[in-house]
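Q: There's a structure below that I have some questions on.
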Amino acid sequence: MGKILLKNIHIYAYHGCMIEEEKIGSDYIVNLTVKADLSLSSVTDKLEDTVDYVSLLAIVKKQMSIRSKLLENVVDRIINQVFNDLPKVSQVTVSVSKRNPPIGGSVEEVCVEKELKRSSLNSN
C-alpha cells in the first residue's frame, strides 16, 4: 500500500452561501491524498499500473468548478468521483480550504476535511 498526495492545489471558485461569493468568488486550497496498492507500478514503471495524479487533479478541478453552498458538498463530490473513476484507490482524504472567508472576523481560512475508505462504501 502506498499514498499519492496532491498538496496545496490553488483554485479560484465560487462556493458559499452568500450572493457575493457567487459573484466574486474566493481563493481555495485543496489537498488530496489517496491510498492504493502501488507495488505493481513500482516494478513495471507503467502509468496504467498506478493512480495517475493528472487524473486526480482533473477531478479536483472539475468538482471545484461546480458551485456549491457548502464545502462539505464539494469534498463529498471529489471523494465520490475518485472512487468512481479510479478503481485502484482504496482510501481518499480531501481537504478544501476557503482563504479569507467572509465571516466577520480575522480568519485566514476555513477548512473541511473528510477521509473515506472504499470498503465503507460497500457496507452502507
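Q: Kindly evaluate Leu56 against the criterion of being farther than 20 Å from Gly16 by Cβ, of a type in the set (A, V, I, L, M) and under 9 Å from the mean Cα position of the chain (by Cα).
A: Working: farther than 20 Å from Gly16 by Cβ: yes; of a type in the set (A, V, I, L, M): yes; under 9 Å from the mean Cα position of the chain (by Cα): yes.
When the stated conditions are applied, Leu56 passes them.
Q: Just checking, does region 8-25 include any residue being surrounded by 15 or more Cβ atoms within 10 Å (Cβ to Cβ) and either closer than 19 Å to Arg118 by Cα or among the basic types (Lys, Arg) (or both)?
A: Kept after step one, since they are surrounded by 15 or more Cβ atoms within 10 Å (Cβ to Cβ), are these residues of region 8-25: 9, 11, 13-16, 21, 25.
Cutting the leftovers down to either closer than 19 Å to Arg118 by Cα or among the basic types (Lys, Arg) (or both) gives us none.
No, because not a single residue in region 8-25 is surrounded by 15 or more Cβ atoms within 10 Å (Cβ to Cβ) and either closer than 19 Å to Arg118 by Cα or among the basic types (Lys, Arg) (or both).
Q: Take region 1-25 and flag every residue that is more than 21 Å from Arg67 (Cβ to Cβ) and over 16 Å from the mean Cα position of the chain (by Cα).
A: So in region 1-25, the residues more than 21 Å from Arg67 (Cβ to Cβ) come out as 1-8.
Result: Met1, Gly2.
Q: Mind checking whether some residue in region 32-40 is more than 16 Å from Val94 (Cα to Cα) and part of a strand (DSSP E or B)? Break it down stepwise before answering.
A: If we filter region 32-40 for residues that are more than 16 Å from Val94 (Cα to Cα), which is where we start, we get 37-40.
Next cut, part of a strand (DSSP E or B) only: none.
There is no residue in region 32-40 that is more than 16 Å from Val94 (Cα to Cα) and part of a strand (DSSP E or B).
Q: While we're here: Among the residues that make up region 83-92, is at least one of them over 19 Å from Lys3 (Cα atoms), under 15 Å from the mean Cα position of the chain (by Cα), surrounded by 14 or more Cβ atoms within 10 Å (Cβ to Cβ) and polar (S, T, N, Q)? Break it down into steps so the answer makes sense when it comes.
A: First, pick out the residues of region 83-92 that are over 19 Å from Lys3 (Cα atoms): none.
Among the residues of region 83-92, not one is over 19 Å from Lys3 (Cα atoms), under 15 Å from the mean Cα position of the chain (by Cα), surrounded by 14 or more Cβ atoms within 10 Å (Cβ to Cβ) and polar (S, T, N, Q), which makes the answer no.
Q: Hey, another quick one. Could you count how many residues in region 70-124 are in contact with a Cys (Cβ under 7 Å, 6 or more places away or on another chain) and part of a loop (DSSP other than H, G, I, E, B)?
A: Number satisfying all stated conditions: 0.
Q: If we keep just the residues of region 51-69 that are in contact (Cβ under 8 Å) with a residue 40 or more places away in the chain and not in a helix (DSSP H, G or I), which is surrounded by the fewest Cβ atoms within 10 Å (Cβ to Cβ)?
A: Applying the first criterion (in contact (Cβ under 8 Å) with a residue 40 or more places away in the chain) to region 51-69 yields 51, 53, 56-57, 60-61, 64-65, 67-69.
Subsequent filtering for residues that are not in a helix (DSSP H, G or I) retains 51, 65, 67-69.
On the way: Val51: 23, Ser65: 11, Arg67: 14, Ser68: 19, Lys69: 13.
Selected residue: Ser65.
Q: On to the next question. Are any residues in region 67-95 aliphatic (A, V, I, L, M) and closer than 19 Å to Glu20 by Cβ, and if so, which ones? Walk me through how you get there before you give the answer.
A: In the first step, residues of region 67-95 are kept if they are aliphatic (A, V, I, L, M); the result is 70-71, 74-75, 78-79, 82, 86, 89, 92, 94.
Correct list: Leu70, Leu71, Val74.
Q: Taking region 74-123 as the search range and keeping residues that are more than 30 Å from Glu48 (Cβ to Cβ) and out of contact with any strand residue (DSSP E or B) (no Cβ under 9 Å at 6 or more places or on another chain), which one is modelled with the lowest pLDDT?
A: Across region 74-123, the extreme among qualifying residues is Gly104.
Q: Would you be able to tell me the number of residues in region 26-46 that are surrounded by 11 or more Cβ atoms within 10 Å (Cβ to Cβ) and either basic (Lys, Arg) or closer than 21 Å to Lys69 by Cβ (or both)?
A: 6
Q: Let me ask you something else. Within region 93-117, track down each residue that is surrounded by fewer than 17 Cβ atoms within 10 Å (Cβ to Cβ), over 14 Å from Val30 (Cβ atoms) and not hydrophobic (A, V, I, L, M, F, W, C).
A: Asn100, Pro102, Gly104, Gly105, Ser106, Glu108, Glu115, Lys117
The values are calculated or read from the model by the stated rules, or taken from the named source; none is laboratory data. These figures come from a predicted structure and were not determined experimentally. For neighbour counting, all protein chains shown are included, and Cβ atoms are generated from backbone atoms with ideal geometry for every residue, glycine included.
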